[in-house]
Amino acid sequence: MSDTIRVAAVQAEPVWLDMEATTEKTIRLIDEAGAAGADLVAFPETWIPGYPVFLWSYPVYEQGPWVARYHANSPTADGPEMRRIREAARRNNITVVVGFSEKDAGSLYMSQMLIGPEGEVLKHRRKLKPTHAERTLFGEGDGSDLVVVDSPVGRLGALNCFEHLQPLTKYAMYAQNEQIHVAGWPCLGILGMVPVLSPEALIATTLTYALESSAFVVMSTQIMSDEGARVFPTADGGPTPVYTGGGGFARVYGPDTTVLTEALDPTEEGIVYADIDLAAIDSAKNTLDPAGHYARADATQLVLNTTPRRPVLRPRDLEDALGGGAQDADRFGALEEERQEA
């Protein structure tokens, strides 16, 4: 790994509710980043097939057709769309972090896939807890989704959207010596009139992550055009009432919170680039390392359980279940005893 790493943050509009067309656009953007010499390119939350704006645009009883369409355009983790994206990463020798609505049987998850430059899956994770209205559409991840991985660009991690406001979730990432963090955000041009959801608040949240973690933070966001806002129309065909315009705020923060990229206009599609040196992390952590020398383990500690949690356990899963704690093992053993006695 060279001393300097070129990272890229995507600021673009998905082809709303169109899995195939957004996959094609993803590949074009990977090719563009590869041609620009990027070692890492990061895409927004639920980039494929676009953030489900209908959740905030219509009452629940009117969302049925939108839900069906969203399911139909959500890729599986091992489906042809993700395989094509992995091939694009391999062809460009680039690490890719892509957000997508993952379809798994009858459920959807707000997922991110970390793909290495040989097209290998470094990590496939799910948003631990969907936010507010998102919980009516998406399932939850588990502790196995809070993992920082070794990659060709360094210790790499990713979170989605309001996961950056979960103190314990963030601390779990900091404690794993994260060096490059991908912050996947939806379009910040919806619900901007709500202070807690405003671009200003969410940008400050991302900057805080860089400050606390002393990591490089790659912030990627969707945008929404006036035409895109009419994909979720009002009764008279106007743009969705939650649309507040643009929404693109892609950037890269250094470990000392310096902004390392030139801002694009919030309505403009593009990719922003930064050349970074991981050695800068040492200086930042010398000032502040909440999971290291600035921690007080005698007073506060985090318990992190990274064992996958599944709704069904079979005997062959017992060894893995033991890693999740004695309570699960005791429960499994009691059920097995009941079965044998019956």
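Rule-based calculations on the coordinates, nothing more; no lab input. The shown structure was predicted, so the numbers you read here are calculated from the model rather than taken from an experiment. Glycine gets a Cβ as well: all are built from the backbone with ideal geometry, and neighbour counts include every protein chain shown.
Among the residues of segment 251-278, those identified as in contact with a Lys or Arg (Cβ under 6 Å, 6 or more places away or on another chain) and of a type in the set (Val, Ile, Thr) are Val259, Thr261. Based on what the data block shows, is Ala299 closer than 27 Å to Ala172 by Cα and either within 22 Å of the chain's Cα centre (by Cα) or crowded, with 16+ Cβ neighbours inside 10 Å (or both)? Criteria not met by Ala299.
Out of everything in segment 136-155 that is of a type outside the set (Gly, Ala, Ser) and within 21 Å of Trp66 (Cα to Cα), what residue ends up being surrounded by the fewest Cβ atoms within 10 Å (Cβ to Cβ)?
Only one residue fits best here, namely Thr136.
Scanning segment 59-81 for residues that are surrounded by fewer than 18 Cβ atoms within 10 Å (Cβ to Cβ), out of contact with any Asp or Glu (no Cβ under 9 Å at 6 or more places or on another chain) and of a type outside the set (Val, Ile, Thr) yields Pro59, Tyr61, Glu62, Gly64, Pro65, Ala68, Arg69, His71, Ala72, Asp78, Gly79, Pro80. For segment 41-57, the set of residues classified as surrounded by fewer than 24 Cβ atoms within 10 Å (Cβ to Cβ) and either of a type in the set (Asp, Glu) or touching a Phe, Trp or Tyr at 6+ places or on another chain (Cβ under 7 Å) (or both) consists of Phe54, Ser57, listed by residue number. Here segment 85-106 is the region considered, the condition is being under 11 Å from Met19 (Cβ atoms) and not small (Gly, Ala, Ser), and the residue that is farthest from the chain's Cα centre (by Cα) is Lys103.
Filtering Leu264, Leu304 for residues that are in contact with a Leu (Cβ under 7 Å, 6 or more places away or on another chain) and in a loop (DSSP other than H, G, I, E, B) leaves a single hit, Leu304.
I'm trying to understand the selection: among the residues of segment 289-314, which are free of Cβ contacts under 8 Å to residues at least 12 places away in the same chain, of a type in the set (A, V, I, L, M, F, W, C) and farther than 28 Å from Ser214 by Cβ? The one that is free of Cβ contacts under 8 Å to residues at least 12 places away in the same chain, of a type in the set (A, V, I, L, M, F, W, C) and farther than 28 Å from Ser214 by Cβ: Val312.
Would you mind telling me which numbered condition in (1) touching a Gly at 6+ places or on another chain (Cβ under 7 Å); (2) under 15 Å from Val272 (Cβ atoms) Val10 fails? (1) is the only condition that Val10 fails.
Under the condition of being in contact with a helix residue (DSSP H, G or I) (Cβ under 6 Å, 6 or more places away or on another chain) and closer than 20 Å to Asn160 by Cα, which residue from segment 99-126 is surrounded by the fewest Cβ atoms within 10 Å (Cβ to Cβ)? Top of the filtered list is Arg126. Among the residues of segment 267-296, those identified as part of a loop (DSSP other than H, G, I, E, B) and either surrounded by 14 or more Cβ atoms within 10 Å (Cβ to Cβ) or hydroxyl-bearing (Ser, Thr, Tyr) (or both) are Thr267, Glu269, Leu278, Leu288, Asp289, Pro290, Ala291, Tyr294, Ala295. For Ala133, state whether it is buried (at least 18 other Cβ atoms within 10 Å of the Cβ), small (Gly, Ala, Ser) and either in contact with a strand residue (DSSP E or B) (Cβ under 7 Å, 6 or more places away or on another chain) or closer than 30 Å to Pro311 by Cβ (or both). No. The set of residues in segment 178-220 being crowded, with 24+ Cβ neighbours inside 10 Å, polar (S, T, N, Q) and not in a loop (DSSP other than H, G, I, E, B) consists of Ser213, Ser220. Here Tyr171 clears all of (1) under 21 Å from Thr46 (Cβ atoms); (2) aromatic (Phe, Trp, Tyr); (3) in a helix (DSSP H, G or I) except the condition numbered (1). Name the residue that is nearest to the chain's Cα centre (by Cα), counting only residues in segment 23-50 that are under 17 Å from Gly99 (Cα atoms) and in a loop (DSSP other than H, G, I, E, B). By that ranking, first place goes to Glu45. Listed by first and then second residue, the pairs with beta-carbon distance under 9 Å, at least 6 apart or on different chains, first residue in segment 7-22 and on the phi > 0 side of the Ramachandran plot, second polar (S, T, N, Q) and buried (at least 20 other Cβ atoms within 10 Å of the Cβ), are Leu17/Asn73.
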